[in-house]
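Contents: one structure, followed by commentary.
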Amino acid sequence: MKNALKRGLFVFIAVLLVPVFTLAADPGLMAKGKAIYEQECQSCHLESGKGAGSIPDIRGLSARALAESKCGKVNKKPKEEVEALSAYLVSLK
Ligand code: HEC
């Protein structure tokens, strides 16, 4: 009985963790973010994401940092687009 409980808990935790890891490196999400970036961000933040002059480097920013930023181009976007953009920005070196 105790073992069955442990196994159940293990499966439960595993099921919870799977989406967390797949989301972290979802190629579809990254591709979507790249497409949005190229159309709506690249003109200012440059292809590299490094920016220049008064345009900040936005590589590696989390979805939360994007949503809370002052940049009107990103902080009003729907959550899924912000997450896609973040997945792409995290991939930039
Ligand atoms: C018209 C030019 C322009 C475009 C297009 C643009 N940005 Fe910006 N962005 C700026 C400028 C200028 C700043 C710095 C001043 C500010 O925070 O408003 C900035 C700041 C930011 C910041 C804050 C960075 C920090 O470290 O505080 C983030 C994040 C950001 N932009 C993301 C984006 C994303 C994502 C897109 C595309 C959806 C985008 N921006 C499109 C001009 C632009």
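The values are calculated or read from the model by the stated rules, or taken from the named source; none is laboratory data. These numbers were taken from a predicted model, which means no experiment stands behind them. Here Cβ is always computed from backbone atoms with ideal geometry, including for glycine, and neighbour counts include all displayed protein chains.
Of LYS76, LYS93, all but one fail to be more than 11 Å from the chain's Cα centre (by Cα) and at pLDDT below 95; the exception is LYS93. Answer with yes or no whether ALA87 is within 13 Å of LYS32 (Cβ to Cβ) and in contact with a Leu (Cβ under 7 Å, 6 or more places away or on another chain). For ALA87, the condition - within 13 Å of LYS32 (Cβ to Cβ) and in contact with a Leu (Cβ under 7 Å, 6 or more places away or on another chain) - is met. Considering the range 36-53, the residues that are surrounded by 12 or more Cβ atoms within 10 Å (Cβ to Cβ) and assigned to a helix (DSSP H, G or I) include one that is farthest from the ligand (Cβ to nearest atom), namely GLU38. Of all residues in the range 58-67, those satisfying the criterion of being more than 7 Å from the ligand (Cβ to nearest atom) and either in contact with a Lys or Arg (Cβ under 8 Å, 6 or more places away or on another chain) or farther than 10 Å from VAL82 by Cβ (or both) are ARG59, GLY60, ALA63, ALA67. Restricting the first member to the range 54-67 and to residues that are surrounded by fewer than 17 Cβ atoms within 10 Å (Cβ to Cβ), and the second to residues that are outside any helix (DSSP H, G or I) and of a type in the set (Ser, Thr, Tyr), the beta-carbon pairs closer than 9 Å and six or more apart or on different chains are PRO56/SER69; ASP57/SER48; ARG59/SER48.
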